[in-house]
Amino acid sequence: MSSEAVRKVDMIIVGAGFAGLYQLHRARGLGLSVQLLEAGDGVGGTWFWNRYPGARCDVESLDYSYSFSEELQQEWNWSERYAPQAEILRYINHVADRFDLRKDIQFNTRVASASFDEATTRWTLVTEAGERFEGQYVIMATGCLSIPQPPKFKGLETFKGQWYHSANWPREGVDFAGKRVGLIGTGSSGVQMTPVIAEQAAHLTVFQRTANFSVPAQNEPLTEATLAHVKAHYAERRALGREAVTGQYLSANDKSALEVNDEERLKEFEFRWRGAGGGFRMLRAFNDLMRDPVANRYAGDFVRGKIRATVKDPAKAEILCPKPDLPFGTKRLCVDTNYYETFNRANVDLVDVKANPITEITPTGLRTTQGEHQLDAIVFATGFDAMTGALLAIDIRGAGGLSLREKWAAGPRTYLGVSMAGFPNLFVIAGPGSPSVLSNVVHSIETHVDWITSFLQRSRAQGTARIEADLAHEDKWVEHVNEVANQTLYPVGNSWYLGANMPGKPRVFMPYVAGVPAYRRIIEGVAEKNYEGFLQA
Ligand code: N01
């Protein structure tokens, strides 16, 4: 397309991950013409970019999958409880083919700006290559963890070896055999990579700034019998997920950690650590882990006990134990396979870079305040500009030229996590102010897409050209999101949920913590009251 030509459609979707693809499918069902723009050269979003060794989902595959098509969920066979990245990418490619989605997707297209025209009530999006697209509706399906935080280390440009970021991994993979590898970052990405790189490399040094909590995934192959059973009862599983706080059914214990004796408490934690299936089940061990500091401390102490029992070198174990200023689960809980065990290997070292900060990258390695480490390769698992990064990377101008970057200068403000006052006809999927990253995000994506689609169907039937969140309702929602977050321990941990991982980013707790069922009842209530809080003209 020439840069002067404008492609006009009803809806423009940005991003071809789980959210964008499903929105495309649903919008077609409304009879809308749709153009989906995707920066990568394939579908998959997060799963397209994050190809680092050991990458897999921390939500079980049988839940982290679309529920909208019975045929799809019956025909697809997941191989493991937690699917590896390559398998999720195969799944999402299968979905794109099965529903014939590719013909409306333009790949290798990064959106640079989006501006709303009050006279026509339409948006114009301009790509980095200068192409223009015009649509009545814009759906930002840009993802919550899609803008990697670039490594900002003095001297990186002098490094003679290879360096990589977890979220921008070479497609052909990396062979670390015989190499001395340095890994910076111990969030979910670093924790998943550590055991795999340790097996390949001659030597691995993990540079840890903050010790995070990690729990065993208890991953295992899914047997034919398990698959057959789940498929026979899939509707029930999905229904349980809808009523679970995270959108994924994990049996929750409705007792306080304070109402049981030490023996019962330990038994419950042990059960969740190994017997019940591992992973996020630990967060559901008692009903007050994320609200009561004493209850939370019990969980933290339990995991610290496990670390000390697993890691043979007591000095390493102490470095790996999260400190009391990080309550259990307030940073995204890591879900691992053999993470702590890996530190018993002779070829793995651990460096505490909080005590001895990294001062610079050198041509042959990395220097901390304690000395130099010789490295052939450096892996940055240093995270993302989460939740707002992808939206603010685009110069979005709403009614009257209002800039989203200015509106969000002190932190994100949305109504219901899907819409922003001043930005008519533009919706965000799983945005800040919705359960999003605190939930099984595929479930939250389906909830948002279905809700947005119903709203558009109705507004088109009524001849409404412009839909916009009302500022007063938005303000109230932001207040509510903060209020419920402050009733929990979440804002205590210095996490990316708060923007605390990005120097200079406003400190605002971004996801909505009240849980998936509570949130869904709110948005359903809004819909029933003629989409209360939206100006419709
Ligand atoms: O990123 P992170 P991630 N010097 O921000 C450290 C999802 N995800 O890519 O804590 C030294 O969690 C930083 O240290 P600190 C999941 O939601 C899911 O691992 O800021 N260290 C931290 O240790 C996850 O939460 C899956 O002190 C530096 C690490 O880098 C989210 O993505 C898999 C540093 C960043 O951790 C992000 O995870 C992977 C510096 N200058 C990701 N800068 C699954 O489904 C940063 N760090 C399993």
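Ordering 285-293, 9-17 by mean Cβ neighbour count within 10 Å, with the highest value first, yields 9-17, 285-293. Dividing the mean sequence gap of close Cα pairs (under 8 Å, 6+ apart) by how many residues the range 342-436 holds gives a relative contact order of 14 percent.
Note: relative contact order over the chain, using C-alpha pairs below 8 Å and six or more positions apart, is 19 percent.
Charges were assigned to the Cβ only: +1 to each Lys and Arg, -1 to each Asp and Glu. The resulting dipole of the range 125-165 about its Cα centre is roughly 320 debye. Think of each Lys and Arg Cβ as +1 and each Asp and Glu Cβ as -1; about the Cα centre, that makes the dipole of the chain roughly 580 debye. Amide H contacts under 5 Å for ARG122: ASP117, restricted to partners 5 or more places along the chain or on a different chain, H placed in the peptide plane at 1.01 Å from N. Per residue, the convex hull spanned by the alpha carbons of the range 20-81 comes to 109 Å³. In degrees from 0 to 90, rounded to the nearest 10, what is the angle of the helix 18-29 Cα long axis to the longest principal axis of the chain? The angle comes out at about 20 degrees.
Once you divide the Cα radius of gyration of the range 389-537 by 2.2 N^0.38 Å, the number left is 1.02. For the range 239-323, the direction-averaged projected area of the alpha-carbon convex hull comes to 6.1 nm². The average projected area of the range 145-279, computed from the convex hull of its Cα atoms over all directions, is 13.1 nm².
Pairs of Lys residues in the range 239-323, spaced 8 or more positions apart or belonging to different chains, with C-alpha separations under 23 angstrom: 6 in total. Per-residue Karplus couplings for the range 479-493, computed as 6.51 cos²θ - 1.76 cosθ + 1.60 with θ equal to phi - 60°, are listed in order as 4, 5, 4, 5, 4, 5, 5, 6, 7, 10, 8, 3, x, 6, x Hz, Gly and Pro entered as x. In this rough spin-label picture, where each label sits 7 Å from Cα along the Cβ direction, the GLU80-ASP41 distance is 2.7 nm.
Based on alpha-carbon atoms, the Kirkwood radius and the radius of gyration of the range 429-499 give Rg/Rh equal to 1.06. Can you tell me which lysines have their Cα less than 27 Å from the Cα of LYS529? Leave out same-chain residues fewer than eight positions away. Hits, sequence-local ones excluded: LYS476. Cα centroid separation, the range 236-280 to the range 177-219: 27 Å. Approximating the spin labels as points 7 Å out from Cα along Cα→Cβ, the ARG291-to-ASN344 distance works out to 3.9 nm. Each Lys or Arg adds one and each Asp or Glu takes one away; over the other residues whose Cβ falls under 15 Å from the Cβ of PRO221, this sums to -3.
What the phi angles of the range 350-355 give under the Karplus curve with 6.51, -1.76 and 1.60, with θ = phi - 60°, is a coupling list of 10, 10, 8, 8, 7, 5 Hz, glycine and proline written as x. Peptide packing for 322-329, 256-263 was compared via the average number of neighbouring C-beta atoms within 10 Å per residue; ordered from the highest value, the list is 322-329, 256-263.
Our summary gives the range 353-505 a relative contact order of 19 percent, counting only alpha carbon pairs under 8 angstrom and 6 or more residues apart.
The 3J(HN,Hα) values that the Karplus relation (6.51, -1.76, 1.60; θ = phi - 60°) gives for the range 519-525 are, in residue order, 5, 5, 4, 5, 6, 5, x Hz. Gly and Pro appear as x. Computed from Cα positions, the angle between helix 293-310 and the longest principal axis of the chain comes to roughly 50 degrees. Distances between placed amide hydrogens fall under 5 Å for VAL428 paired with MET140, SER419, all partners being 5 or more residues away or on another chain.
Only Lys, Arg, Asp and Glu carry charge here, each on its Cβ (+1 for the first two, -1 for the last two); on that basis the range 239-323 has a dipole of about 400 debye about its Cα centre. Between THR369 and ASP475, the FRET efficiency estimated from the beta carbon spacing at R0 = 56 angstrom works out to 0.75. Computed extension length for ASP313-GLU199: 39.1 nm, one decimal, from 0.36 nm per residue of separation with the Cα-Cα distance subtracted. For the chain, DSSP calls about 40 percent of its internal beta bridges antiparallel. Residue-normalised convex hull volume from the C-alpha trace of the chain: 152 Å³ per residue. Of all lysines in the structure, those lying under 19 Å Cα to Cα from LYS160, and not within fewer than 8 positions of it along the same chain, are LYS152, LYS179. Distances between placed amide hydrogens fall under 5 Å for ILE378 paired with GLN162, TRP163, TYR164, GLY182, all partners being 5 or more residues away or on another chain. Residue separation of SER113 and LYS154 scaled by 0.36 nm, minus their Cα-Cα distance, works out to 11.6 nm of gained length.
Each reported figure results from applying straightforward, stated rules to the coordinates on display, with no laboratory input. Computed from a predicted structure; not experimentally measured. Virtual Cβ from ideal backbone geometry, glycine too; neighbours counted across all protein chains shown.
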